[in-house]
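Read through the structure below, which is laid out as structure tokens, and then see the notes.
Read-outs: derived from the displayed coordinates by stated rules, not from any lab. Keep in mind that what you see is a predicted model, and the values were worked out from it rather than measured. Methodologically, a virtual Cβ is constructed for each residue, glycine included, from the backbone with ideal geometry; neighbour enumeration extends over all protein chains shown.
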Amino acid sequence: MQFKKYQGYFIDLDGTMYMGTKPIEAAPAFVEKLKYAEIPYLFLTNNSTSTPQEVAEKLQVEFNIPAKVEDVYTSALATADYVKQLKGNRVYVVGEHGLKQALEDVGCQLVEDAIDHVVVGLDRDLTYDKCEIASLAIQKGATFIATNKDTNLPTERGLVPGAGSVIALIEKSSQTKPTFIGKPEKIMMKSALDKIHLSKEEVIMVGDNYETDILAGIDSEIDTLLVLTGFTKKADLNSKMKQPTYIIDTLDEWGE
């Protein structure tokens with residue numbers, strides 16, 4: 001297979017670099033090759049629960065994958081970058097510390113009344129009260145912003161509920177559709193291109209999930225590399241009109 005040379009890489013995490021708590025064997029060498037060739041890479045993850053520091057440490061310590069804080073761009077950071085452009089900085093968050101920290105870092109006040117924006121991501125301590133506050137605020141006119149659509153997360157135990165499942169509850173109760181930020185949305189991909197200082201023709205999106213990683217590339221006119229180590233199986237592609245640019249079984253098949 002002939003591979004185009006790319007000036008930069010967007011790389012998904014769960015299902016691509018690791019699977020839950022299990023390492024993916026070919027992942028460290030794949031990133032080491034990019035590092036050795038001085039090709040910039042940015043880990044793009046829809047996980048909003050962790051800070052970039054925590055993600056980088058996890059990659060290094062648990063999976064032996066080279067990563068610095070500046071190499072990580074989460075849906076929490078992309079969401080904060082979007083919210084800071086809006087009018088009003090009083091934000092109610094349904095989410096975890098990674099999302100809250102990202103919003104505070106751009107000057108948002110985290111509040112429970114007089115709410116300008118409701119921001120929802122994965123929240124493993126979800127309560128009825130949180131959903132009630134969010135839903136009522138949206139009905140009163142607060143902007144509804146969601147980190148990402150992923151209804152499930154791949155783990156070594158199977159598919160567990162993701163942010164999209166939490167968001168769907170609040171969407172139903174508020175009868176309002178949110179603005180989504182994370183993959184496959186163009187909002188996150190445009191911000192990622194700005195961050196890596198490259199054009200869409202110069203980068204490739206690497207991931208395991210057609211519905212998020214691959215569609216993120218396709219919708220933003222970025223080449224894509226589907227690796228069959230996670231969510232999407234080869235048979236799943238039979239029903240897809242738009243195919244990935246490249247498909248490989250494992251990352252060690254990539255010839256960069």
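Some values worked out for this structure:
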item	result
In segment 133-191, trypsin sites (Lys or Arg not before Pro) in a DSSP loop with at most 12 other beta-carbon atoms within 10 Å	Lys140, Arg157
Ranking of Glu112, Glu171 by count of other Cβ atoms within 10 Å, fewest first	Glu112, Glu171
Above-threshold pairs, the threshold being 22 Å between Cα atoms, out of Lys100/Lys183; Lys22/Lys195; Lys87/Lys172; Lys5/Lys33	Lys22/Lys195; Lys87/Lys172
Principal axis dimensions, largest first and in whole angstrom, of the chain by Cα	56, 36, 33
Helix-only mean residue ellipticity at 222 nm for the chain, each DSSP H run of n ≥ 4 adding -39500 (n - 2.57), per residue, nearest 500	-9000 deg cm²/dmol
Inter-label distance for Asn64 and Lys200, nm, one decimal - labels placed 7 Å from Cα along Cα-to-Cβ	3.8 nm
Candidates Val160, Val203, Val83, ranked by Gaussian network fluctuation over the chain, Cα under 10 Å, top entry	Val160
Debye log10 I(q)/I(0) at q = 0.21 Å⁻¹ for segment 116-224, Cα point scatterers	-1.06
Overall dimensions of segment 88-180 as given by Cα atoms, namely Rg and Dmax in Å	12.8, 42
Per residue convex hull volume, Cα atoms of segment 209-256, in Å³	70 Å³
Relative contact order computed over the chain (Cα-Cα under 8 Å; 6+ residues apart), in percent	21 percent
Cα gyration tensor shape for segment 18-72, rounded if a/c is under 1.5, else prolate or oblate	oblate
Fraction of beta bridges assigned by DSSP in segment 88-180 that are antiparallel (%, nearest 5)	25 percent
Neighbour-limited loop hits for trypsin sites (Lys or Arg not before Pro), segment 1-72 (at most 10 other Cβ within 10 Å; DSSP other than H, G, I, E, B)	Lys4, Lys5
Approximate spin-label separation Asn152-Asp252, in nm, with each point projected 7 Å along Cα-to-Cβ	2.8 nm
Proxy reagent accessibility, fewest Cβ within 10 Å first, across Ser75, Ser173	Ser173, Ser75
Distance (nanometres) between label positions extended 7 Å along Cα→Cβ at Tyr36 and Lys87	5.5 nm
Glu132/His97 FRET efficiency (R0 25 Å; Cβ-Cβ; nearest 0.05)	0.70
Burial ordering of Asp14, Asp129, fewest other beta-carbon atoms within 10 Å first	Asp129, Asp14
